[in-house]
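One structure below.
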Amino acid sequence: MKVALCFLISDSSGALYKEHIWREWIQENKDIINVYFHYKSYEDIKSLWILDHVLPKKYIMETDYFHVVPAYMSLLDYGLTSDKSNQWFCFLTESCVPIISPLKFRELFFTYWNTTFLKWEPFPPSVLVNTRANLHLFDKRAQLKHSPWFTIKRDDVIRCLTFRQVNRRIYNTICDGKVANESIFAIMLSAFKQLENVKNEDTHLSDWSRMMSATSPYLFKEGSKKDVSVIDTLLEKNKYAIFLRKVAPEFPDSILRNYIYKEDPLIKTRIARLFFLEWYHFFRYYWISHLFFCIGSCIVIRLLQL
């Protein structure tokens with residue numbers, strides 16, 4: 001089983017702000033992580049590591065600030081077919097960083113690999129929604145909003161891609177509206193009656209108490225005491241947290257590494273739990289595969305005897 005880290009790079013520089021932090025963090029779980037980048041301009045990318053993980057050109061969609069859903073779907077489409085062991089798909093931007101240890105991430109994945117984490121809620125009736133995802137054209141039950149950055153399981157990815165194919169007119173109408181990426185996934189999962197099965201929690205932390213604009217959370221840049229205090233509070237309130245955004249290139253690496261590699265009082269418990277979980281999934285996969293092989297072999301032998 002693997003995790004697909006799906007990056008949407010919109011910065012004109014084509015850079016991942018904390019690439020070195022990401023590479024260190026990914027290295028410790030390289031056996032269970034695939035990395036994919038959707039980019040704006042191939043020519044602007046300077047990092048050889050990013051170039052090694054970009055989507056094929058045919059999967060690159062034209063996007064702008066308010067219309068990015070096609071890029072999301074391309075990442076899902078490619079990640080689903082390029083490696084059938086991808087079970088989690090985590091959407092990320094150039095300003096995201098990991099904020100937990102590689103060991104804790106591994107534990108979360110092997111515990112919740114079959115769970116989608118999507119923070120969602122009905123759109124408040126008092127808020128004007130006529131330009132947002134064209135929600136005013138739909139029944140109130142479909143007037144939903146969710147965090148634009150989330151973690152989705154493989155089965156729900158298949159459902160979303162199926163929705164796009166089967167309900168093309170509805171899908172296009174939603175995508176033609178602004179910031180559809182903050183509504184459409186809840187709508188698609190609701191159509192399959194799966195929204196109640198989603199864990200309504202954030203895996204991506206943001207500071208919305210100090211917004212930079214009407215649509216953008218705070219940009220962590222200086223690494224001040226206030227920044228650290230806010231991050232501590234966010235981590236305390238969100239037990240499924242994995243990533244932090246938005247983080248500027250200037251934000252001190254030392255602070256990030258302190259969160260990622262700080263001493264973990266539960267390390268022995270995590271290691272023991274992971275040992276059990278990984279062996280469980282190994283035998284689960286091995287025995288199912290072995291069972292189907294045996295059944296298939298018996299059928300072939302029986303047919304040859306006829």
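The values are calculated or read from the model by the stated rules, or taken from the named source; none is laboratory data. All of these numbers come straight from a predicted model, not from anything done at the bench. Note that each Cβ is placed from the backbone with ideal geometry, even for glycine, and that neighbours are counted across all protein chains shown.
Here is a check on your reading of the model: is Ile184 among the aliphatic types (A, V, I, L, M), under 24 Å from Trp113 (Cβ atoms) and buried (at least 23 other Cβ atoms within 10 Å of the Cβ)? So Ile184 fits the description; yes. Scanning the stretch 67-115 for residues that are more than 24 Å from Glu24 (Cα to Cα), assigned to a helix (DSSP H, G or I) and among the hydrophobic types (A, V, I, L, M, F, W, C) yields a total of 5. Taking first residues from the stretch 81-97 that are polar (S, T, N, Q) and partners that are assigned to a helix (DSSP H, G or I), the Cβ contacts under 7 Å between residues at least 6 apart in sequence or on separate chains come to Asn86/Gly79; Asn86/Leu80; Asn86/Arg154; Gln87/Arg154.
For (1) touching a Phe, Trp or Tyr at 6+ places or on another chain (Cβ under 6 Å); (2) more than 30 Å from Trp279 (Cβ to Cβ), each residue gets a yes or a no:
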residue	(1), (2)
Ser12	no, yes
Tyr17	no, yes
Ile21	no, yes
Val35	no, no
Tyr42	no, yes
Leu55	yes, yes
Met61	no, yes
Phe66	no, yes
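Among the criteria (1) touching a Gly at 6+ places or on another chain (Cβ under 8 Å); (2) modelled with pLDDT under 95, the one Pro124 does not fulfil is (1).
Which of (1) out of contact with any Leu (no Cβ under 8 Å at 6 or more places or on another chain); (2) of a type outside the set (Val, Ile, Thr); (3) over 28 Å from His281 (Cβ atoms) does Lys84 not meet, given it meets every other one? Here Lys84 meets the rest and fails (3).
I'm checking my understanding of the structure. Among residues of the stretch 9-28 that are of a type in the set (Gly, Ala, Ser) and crowded, with 16+ Cβ neighbours inside 10 Å, which one is nearest to Asp64 (Cα to Cα)? Steps first, answer last, please.
If we filter the stretch 9-28 for residues that are of a type in the set (Gly, Ala, Ser), which is where we start, we get 10, 12-15.
Now drop any that are not crowded, with 16+ Cβ neighbours inside 10 Å, which leaves 10, 14-15.
Details: Ser10: 8, Gly14: 15, Ala15: 17 Å.
My answer is Ser10.
If you go through the stretch 139-163 and keep only what is among the basic types (Lys, Arg) and at pLDDT 95 or above, you end up with Lys153, Arg154, Arg159.
Restricting the stretch 27-51 to residues that are of a type in the set (A, V, I, L, M, F, W, C) and in contact (Cβ under 8 Å) with a residue 40 or more places away in the chain leaves a set whose member that is farthest from Ala248 (Cα to Cα) is Ile32. Residues in the stretch 199-255 that are touching an Asp or Glu at 6+ places or on another chain (Cβ under 8 Å), of a type in the set (A, V, I, L, M) and under 22 Å from Ala186 (Cα atoms): Ala241 only.
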